[in-house]
Amino acid sequence: MLLGNKVRLSGGCPPRTGRGLRTFYGQLLFWATILVGALGLVIFRIETEALTKQTKIHTQRIYWNRAAVYVNELAPALGNNFDEAKLQQLLLRLQKMHPRDDFYVLNADGSIRMFVPDPLVRAAPKHPKVNAVNLKPLTSFLEQPSLPRKGGILGTDPFEPNVAKAFIASRIFLGDAPGYLYVVFGKSGNRMGVPLAYRPWYYPWVAIISGIILVVGLFYILLFRRPVRMILTALKQITAGKLNERVPICGGNELAEIGENINQMADTIEATVSELRRTDRLQREMTAALCHDFGTPLFGAQAYLDQVINGRTWLSAAEQEERLSVAARNLTKLRELVSSFFELSKLDSRNLTPALEPFSVLDLVTEELVPKLKPLAESKHVTLRTEYDDGLPRVVGDMALIDRALTNLIINAINYNRPGGEVVIALNKKNGKVQLEVRDDGIGMKAEDIPFVFDRFFRSDQSRSTITGGSGLGLAIVKKILEAHDEEISVESLIDKGSKFTFSLKSYSAAGN
């Protein structure tokens, strides 16, 4: 419930439009995706390098003895049959058969004697960057009976001398001169004609992107820090008892929704506290009314009894009887007041369950209530009259409780009428129910008093409360009885025109019987 006197400041926030990336979770997901993507590139690069290294070692392990096969293919141009032109042709054929590898013929000192570039890749560099390879890993390879268990043997790539690569090698003879067949695995992507390759050129870009993400993330945190602090400040104020404090609503994300919920919670708390304060005030007023209403007849009875006790010697029998009669009436009034109070308390505690049964409300009114209350009406010089439709059906309800509710309404109408006035009890069929009206042409009520007429101890005409003798509990009991029957009661009243109380009861036939 939102209270009308509460104003929420927006702090100049733009109006909320749409959702999407404006939501907290949407923005968080967006930036988390970018951050994870950038970190994924770095991790992928690291994993790729590790995988590439493992692939190189795995390739070297598989092709460990492959060098002898290649030597056999080049044998027609080696040793005593050394023919450099023929060796070049055989080397070219091997290069075409294995485009991802580079085949070199080395001299004994490791210098490159022969290399035939792949003729199918025209854009790639044709000549190595270095003219010799490091003989240390090559010699180690030739001296090993098998590949070491941990890792492999990496050597020089003449085209990429800064990158160690897997290789295989074998000793050969170029005529009488010793030499080596040197095969490097894993030709780089640009030499294979592939436009992109894993190279360190994008590392700076990854660093730049990561930096941008970091700066934007910090800005994003600072951006959300202000509404979070406003929410915390408002919560502290509300916790401290300042229930009129509210969270300024800004934006359309989840934080704004949290702020709205906090404001609604504060509205509910403030309304509840206001209701509790009103209830406490009513409780105090009820206590004062109880003291007054219980005390007046009690003190009156005590005063008259004291007169009789103290004046036995000088009061006549008639005077004593008169005072005892007044004391008895006061005690009767007190008993009725106590009975009404306990009856209302019982209704409040919901310990009373109506004993529903079919009965004739017309018979209840004409045969019991009117004869019972006619003497009271005549004593007030008020006419008691009934109106009813023909063929009224029986109703379903607790006959004793409905008797009490109608009795209270009729007594209330008699007490607040004028001499010569009239009280009418009307019964009509309406929408499957029997509608009951108790109306009078008495003093009526002010419009501002009507919403409170069913509150306990409320009297619409406070100046005449002692004259009418009302306890202020009768109408409250009527409302509780009808609530127990799941029915409502309405009231219409005008000053000096009278009042009309209306309620309905389900007919026995409409109840499915």
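Any chance segment 291-298 includes a residue that's in a helix (DSSP H, G or I), at pLDDT below 80, hydroxyl-bearing (Ser, Thr, Tyr) and within 21 Å of ASP398 (Cα to Cα)?
no
Suppose we filter segment 65-83 for residues that are surrounded by fewer than 16 Cβ atoms within 10 Å (Cβ to Cβ), free of Cβ contacts under 8 Å to residues at least 60 places away in the same chain and part of a helix (DSSP H, G or I); how many remain?
Adding up the residues that qualify gives 5.
Condition (residue is at pLDDT below 75, of a type in the set (A, V, I, L, M, F, W, C) and in contact with a Ser or Thr (Cβ under 7 Å, 6 or more places away or on another chain)) applied to segment 328-339: is it met by at least one residue?
Yes.
So how many residues does segment 377-419 have that are farther than 25 Å from HIS485 by Cβ, surrounded by 21 or more Cβ atoms within 10 Å (Cβ to Cβ) and touching a Leu at 6+ places or on another chain (Cβ under 9 Å)?
Here the count works out to 2.
Mind listing just one residue for me: the one in segment 384-401 that is in contact with a helix residue (DSSP H, G or I) (Cβ under 7 Å, 6 or more places away or on another chain) and at pLDDT 90 or above and, of those, farthest from LYS430 (Cα to Cα)?
LEU384
Among the candidates ILE43, ILE62, which residue alone is at pLDDT below 65 and either farther than 18 Å from ALA164 by Cβ or surrounded by 14 or more Cβ atoms within 10 Å (Cβ to Cβ) (or both)?
Of the residues listed, the single one that is at pLDDT below 65 and either farther than 18 Å from ALA164 by Cβ or surrounded by 14 or more Cβ atoms within 10 Å (Cβ to Cβ) (or both) is ILE43.
Table: residues versus (1) more than 15 Å from THR502 (Cα to Cα); (2) among the charged types (D, E, K, R).
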site: ASN415; (1), (2): yes, no
site: ARG418; (1), (2): yes, yes
site: ASN428; (1), (2): no, no
site: LYS433; (1), (2): no, yes
site: GLY442; (1), (2): yes, no
site: GLU448; (1), (2): yes, yes
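Please go through segment 317-334 and pick out each residue that is under 59 Å from the mean Cα position of the chain (by Cα) and exposed (fewer than 13 other Cβ atoms within 10 Å of the Cβ).
Matches in segment 317-334: THR332 only.
Can you give me the number of residues within segment 355-383 that are more than 59 Å from the chain's Cα centre (by Cα) and among the aliphatic types (A, V, I, L, M)?
Qualifying residue count, segment 355-383: 3.
Determine if segment 476-489 includes at least one residue that is within 18 Å of LEU376 (Cβ to Cβ), of a type outside the set (Val, Ile, Thr) and at pLDDT 80 or above.
no
Restricting to segment 179-207, and then to whatever is of a type in the set (A, V, I, L, M) and modelled with pLDDT of 75 or more, can you tell me which residue is surrounded by the fewest Cβ atoms within 10 Å (Cβ to Cβ)?
VAL183
So for segment 90-100 (the condition being within 10 Å of LEU181 (Cβ to Cβ) and either part of a helix (DSSP H, G or I) or of a type outside the set (Ser, Thr, Tyr) (or both)), does at least one residue qualify?
Yes.
Considering only residues that are of a type in the set (A, V, I, L, M, F, W, C) and under 13 Å from GLN60 (Cβ atoms), look in segment 143-159 and name the one that is modelled with the highest pLDDT.
Here the residue is LEU154.
Taking segment 304-327 only, how many residues are at pLDDT 75 or above and assigned to a loop (DSSP other than H, G, I, E, B)? Give the steps one after another, and end with the answer.
Initial filter on segment 304-327 (at pLDDT 75 or above): 305-310, 314-327.
Now restrict to residues that are assigned to a loop (DSSP other than H, G, I, E, B): 314-316.
Summing the residues that are at pLDDT 75 or above and assigned to a loop (DSSP other than H, G, I, E, B) in segment 304-327 gives 3.
Being touching a helix residue (DSSP H, G or I) at 6+ places or on another chain (Cβ under 7 Å) and free of Cβ contacts under 8 Å to residues at least 24 places away in the same chain is the filter here, so list the residues in segment 88-103 that pass it.
The answer is LEU90, and nothing else.
The values are calculated or read from the model by the stated rules, or taken from the named source; none is laboratory data. In this text, all values refer to a predicted model and were calculated from it rather than measured experimentally. So basically every Cβ, Gly included, is an ideal-geometry build from the backbone, and we count neighbours across all protein chains shown.
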